[in-house]
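Contents: one structure, followed by commentary.
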Amino acid sequence: MIDSSGRNIEYLRLSLTQRCTLRCAYCRAAEGICPKKDELGAAVFERLVRMLAKLGIKKVRLTGGEPMLRHDLLEIISRICAIEGILEVTMTTNAQHLAGKAAALKKAGLSRLNISIDSLQKERYHELTGGGDVERVLLGIDEALAAGLVPLKLNTVLMRGINDDEIDTLMLLAKDRPLDIRFIELMPMGNGDCSKLRIESSEVLKTRPWLIPISPRYISQPSVDYTAAGFKGRIGFISPVTNSFCENCNRVRITSDGLLRPCLGDDNEISLLDALKGTDEELLEIMRSAIFNKPMGNTFCGRGLALEKNMSKIGG
Ligand code: SAM
């Protein structure tokens, strides 16, 4: 549907859980995680997406927390894929439990994956993620490519003095593999001021004149893309703090505990829990009004204000 700013809202980020296998410092909430027992069930997710499809949502990205912690993940994927009007279901994962499961995800209907990877160094990755194993991520990446979960996109949050010495090594992941590696500016969420850690995309680009600008895959994509001579893949920069893409934003979010969040950068959330007890028409009306009033302009761009919640509670 078209919102009050004239944007066509057709993309849902659906958080399946706030639980995670990892403990990345910039992402984890210190407290107040929605417990497993309060997470919405597969049938409720299906109903919510069915309603949103009536309002024009065409694309759904499953996220979290870590969506692969859901035991009913394959059921959720196939239920959502079967909804009339939904053209694509994708997922963002840390890939700790992807190896051995990529083909089943594809079979259930998943189109493609985004995989988070902040370091290629075994010990550093382990430390940054509070116990993760980067070897599993690399296995997951190759398995996702083999299963046809493409275009495969990797996400790296750059942090000064923490992983910025790996920028070029991380870019090399896109040399021989047909994947996108995207560098994301650290957003001020939940954990307060992170401006000293943040590396602006322009800083990385300035020192790498050999990057070749290329067209975006689609107009509403948040990344600005490049490639390099001899590379099979793309190198993208996502700059939510220094270069807002609000005017092209086409997405809304639903959290695992039933809150509709029209804008990542605005703390306003509308609970759908009461409406879920009512009729489809009532639910539809609340969704329609929330989407129509989606704010223009996030709180971090230009102002640098921190959001109340961490990404793990909202759904990245
Ligand atoms: N567990 C899955 C994963 O790790 O990909 C999905 C959820 S995670 C919240 C999704 C993405 O959000 C990750 O790539 C993570 O790095 C990113 N993220 C979390 N907090 C962020 C922040 N403050 N700034 C930028 N990206 C953030």
Original post:
By how many degrees, 0 to 90 and rounded to 10, does the Cα axis of helix 42-54 deviate from the longest principal axis of the chain?
Top reply: 90 degrees
Subject >> Rounded D (µm²/s) - region 11-314, Kirkwood Rh over Cα pairs, Stokes-Einstein at 20 °C, 1.002 mPa s >> reply: 109 µm²/s
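At 20 °C and 1.002 mPa s, grab the translational diffusion coefficient of region 215-270 from Stokes-Einstein with a Kirkwood Rh over Cα pairs, rounded to a whole number in µm² per second. Working shown, then result.
Working: Rh = 13.4 Å.
This corresponds to a translational diffusion coefficient of 159 µm²/s.
Any idea what the relative contact order of region 109-205 is, in percent, if you count C-alpha pairs under 8 Å spaced at least 6 apart? Intermediate results must be reported in sequence, preceding the final value.
Details: 125 pairs, mean separation 26.2, N = 97.
Once normalised by length, the contact order is 27 percent.
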**OP:** Calculate how steeply helix 134-147 sits against the longest principal axis of the alpha-carbon atoms of the chain, using the helix alpha-carbon long axis, and give the answer as 0 to 90 degrees to the nearest 10.
**Re:** 70 degrees
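Hey, what did the chain get for relative contact order, percent, Cα under 8 Å, at least 6 apart?
On the way: 673 pairs, mean separation 70.0, N = 316.
Relative contact order comes out at 22 percent.
Values in this text are rule-based calculations from the coordinates and carry no lab data. On a predicted model such as this, the values are computed, not experimentally measured, just so you know.
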